[in-house]
Amino acid sequence: MINKRLLVKNLLAHNDENSFYDKKRKVDISTKEGKAKFLKHICALSNSNPKNNSYIVIGVDDGENAIVGVPFFDDSKLQNLINAYLTNPPIISYENIPFPNLPLDKVVGLVTIRAQNKLTSLRRNIWKYWGGTVFYRDGSMSMPKTFKSDIVDVNSTIVTSIENHAQNNIKLTLDGVMDFINLRHRDMESTYHVFKELFVVCWAGNKKVVKGETYYSRVDIELINEQVTLFYSALDEISITYTDDVFKIVEYVHLGIQEQFKYYPLEEVVIRFRESGTYSIDTQLLFKPPKVHKKTLYHIFNNNNVIFYKLKRNIELNQGEWKDLYNVSNTYLICYLNGFDSALQKLEEIKPYLKKFSGGIYNRYRETMRILRKVRYE
């Protein structure tokens, strides 16, 4: 079993990017340009490593090789994006790896790419890249290339060595449990459970019981064996249930308009642990958007547009508009989910203006975009 934190350290020890791994300060797939560049690197690494894993490490300063972290990213639908745009798509996973020197809301992103031993290419046009283009890693660069023969495997030995040096052991597991409970979350209720005498899952959060049901907020859940954060949110609430071999998370999101907010189930994540020492993670979208009368939505949409107009021109907001600013991303989302297609463009354009504010306004925006990603890719 690979300890992903050790794996990241071993990859970074190579310092220079190469044909089996890349490192990024951040990745943004909210724009066509960001999607295109991400797909280019996935395609190139898949073609450069037909018989072994390749990796992208996200949250690393490229110049100093320093770990700076990125916000927790739980987009389980990334494989859908890969399948939609790539021919012979590799199997990918995105994992959030906590590091002791980072704040609780920051992790290192690790993308693992497993090629299918077939040539991968762009299925269709995206941004300035043409459909049919084949990318390949030339050192640290992802470049278009024409293949006249089979892909040559040159990295299996070194990748296997790196992965072997990242194997977990009892000390790392015990240290991870103690660090999670006694240091990182000593201010809230935390616990752990062992599955199949092998897998250790720790979770922490503010616990509350409503009508006999237990919910957690400010939640952090980690698979200690692999040093992978399974869930993190400072805003949303979840329920946790488990048996001898299954750990289930149901995530809820707080949405509404005009003070009429409620919790809506967003997604269910089920982790199944097997006697063979393996596990699987299955996700199911549960979200049903709130239905709001069109007349009310027109009023809210126009009010949001006025706020956006004032932000762009540095015009002072009135007291009511300041109050609405916190939920402007949330209400734009509700408008979009109820048929206001132009609300999506507004939601994307308002990002740099909300980023200037403290008090949770930008965090609210990030949570809104996370919901949107899940719904759109589904």
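Among the candidates 251, 222, 163, single out the residue that is at pLDDT 90 or above, under 30 Å from residue 45 (Cα atoms) and in contact with a Ser or Thr (Cβ under 8 Å, 6 or more places away or on another chain).
Going through 251, 222, 163 in turn, just one is at pLDDT 90 or above, under 30 Å from residue 45 (Cα atoms) and in contact with a Ser or Thr (Cβ under 8 Å, 6 or more places away or on another chain): 222.
How many residues does the range 43-69 contain that are assigned to a loop (DSSP other than H, G, I, E, B) and either touching a helix residue (DSSP H, G or I) at 6+ places or on another chain (Cβ under 9 Å) or touching a residue at least 24 places away in the same chain (Cβ under 8 Å) (or both)?
The number of residues fulfilling the criteria is 10.
Out of 342, 358, report the one residue that is within 24 Å of the chain's Cα centre (by Cα) and polar (S, T, N, Q).
358
Looking at (1) under 30 Å from residue 245 (Cβ atoms); (2) in a helix (DSSP H, G or I); (3) touching a helix residue (DSSP H, G or I) at 6+ places or on another chain (Cβ under 9 Å), which one does residue 372 not meet, given that it meets all the others?
Condition (1) is where residue 372 drops out.
Considering the range 80-98 alone, what residues qualify as being closer than 30 Å to residue 173 by Cα and either in the same structural domain as residue 179 (by TED's automatic domain parsing) or part of a strand (DSSP E or B) (or both)?
If the condition is that a residue be closer than 30 Å to residue 173 by Cα and either in the same structural domain as residue 179 (by TED's automatic domain parsing) or part of a strand (DSSP E or B) (or both), then 91, 92, 93, 94, 95, 96, 97 are the ones that fit.
Here's the yes/no breakdown for (1) surrounded by fewer than 17 Cβ atoms within 10 Å (Cβ to Cβ); (2) more than 25 Å from residue 155 (Cα to Cα); (3) of a type in the set (Phe, Trp, Tyr):
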site	(1), (2), (3)
4	no, no, no
35	no, yes, no
73	no, yes, yes
105	yes, yes, no
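May I ask you to list the residues in the range 153-196 that are among the hydrophobic types (A, V, I, L, M, F, W, C) and touching a residue at least 40 places away in the same chain (Cβ under 8 Å)?
Selection gives 154, 158, 159, 162, 166, 172, 177, 180, 195.
Would you mind stating whether residue 110 is under 26 Å from residue 10 (Cβ atoms), outside any strand (DSSP E or B), of a type in the set (A, V, I, L, M) and at pLDDT 90 or above?
No: the conditions fail for residue 110.
Can you confirm whether the range 256-277 contains a residue that is under 22 Å from the mean Cα position of the chain (by Cα), assigned by TED's automatic domain parsing to the domain that holds residue 198, among the small types (Gly, Ala, Ser) and not in a helix (DSSP H, G or I)?
No.
The values are calculated or read from the model by the stated rules, or taken from the named source; none is laboratory data. Every value quoted in this text rests on a predicted model; they were computed, and no experiment measured them. Methodologically, a virtual Cβ is constructed for each residue, glycine included, from the backbone with ideal geometry; neighbour enumeration extends over all protein chains shown.
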